[in-house]
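Worksheet: the structure to be examined is printed underneath.
Readers should treat all values here as calculations from the given coordinates under stated rules, not as data from a laboratory. Just so it is clear, the structure is predicted and the values come from calculations on it, not from any experiment. Every residue, glycine as well, gets a Cβ built from its backbone with ideal geometry; the counts of neighbours run over all protein chains shown.
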Amino acid sequence: MRFTVPERIAHDGAVLTPLDEDAARAVLAKLVAAGARAVAVCLISACANPVHEQRIGAIAAAEFPALKMSLSSAVAREFREYERTSTTAINAFVTAPITDHLESLGEALRGIGIMPAPYIIRSNGGVMSFRSATQLPAALTHSESMGIIIGGAALAAQAGHRQIVTLDMGGTSADVSLIVDGKADMTTRGEIGRQPARRRRCPDRRQSPGAGRAPARADRRRHRRGDPGSTLFMPPGWPARCDRFHILHVTRAAEEPAS
């Protein structure tokens with residue numbers, strides 16, 4: 001669903017057309033009636049002046065408190081409208097499931113006596129509270145890979161190494177990053193599902209599917225063929241990627257070092 005509201009702010013932040021608050025309320029009501037849980041608000045010049053986006057957020061908080069609002073001026077305040085809109089839409093899309101997950105996780109932690117406020121790693125290598133994460137879940141993208149990068153750099157520094165390559169191989173991907181002079185380069189450019197996501201993160205390169213991808217078979221020419229999916233959905237006893245190389249004789253114990 002996509003709606004517009006009358007308003008206009010110039011590139012320099014000057015208000016040319018005030019926000020039509022009644023129109024904004026009507027749009028929010030339509031969204032609630034349609035069952036929306038989260039809304040992305042992306043106005044053209046909000047990067048220069050967020051006042052109209054902030055007002056829409058305030059109206060939603062007062063009159064439609066069940067809606068999870070993502071304001072582009074708060075999620076990715078940059079002048080490139082497409083990238084800002086894409087990042088904000090991603091943020092809105094994952095807000096509800098991330099909120100449900102972190103709230104249930106926080107409750108479970110309290111249930112076993114862990115009372116200190118929990119934190120979660122961000123894509124830039126820092127941490128944020130669960131509450132902040134539910135408001136800006138786009139900041140969690142690639143955070144697992146960033147944890148490997150930051151942890152790998154710290155461990156290498158303790159061993160006296162400043163130039164390293166980190167390899168993060170899990171069940172679905174294998175990601176490689178470079179640490180130069182003990183530091184990881186940072187970027188604000190990235191993609192989620194081929195859509196631009198502008199959050200500060202360390203660039204990595206996805207080299208291949210991970211160890212847990214679904215089973216493979218060999219055709220008559222002995223080409224490797226893999227089927228999409230996770231080992232979670234594989235029949236018992238079927239080989240994953242880490243096993244099938246040996247089954248297909250891609251690697252041989254006498255020729256390849258143990259991994």
Just to be sure I understand the model, the point goes 7 Å from the Cα along the line to the Cβ. What's the resulting residue 4 to residue 181 distance in nm? 4.9 nm
Label-point gap, in nm, between residue 162 and residue 54 - each point 7 angstrom along Cα→Cβ: 4.4 nm
When 129, 70, 104, 123 are arranged by how many other beta-carbons sit within 10 Å of their Cβ, fewest first, they go 104, 129, 123, 70
For the residue 15, residue 78 Cβ pair and Förster radius 25 Å, calculated FRET efficiency rounded to 0.05 is 0.80
For each of 68, 30, count neighbouring Cβ atoms within 10 Å of the residue's Cβ, then give the residues from fewest to most. 30, 68
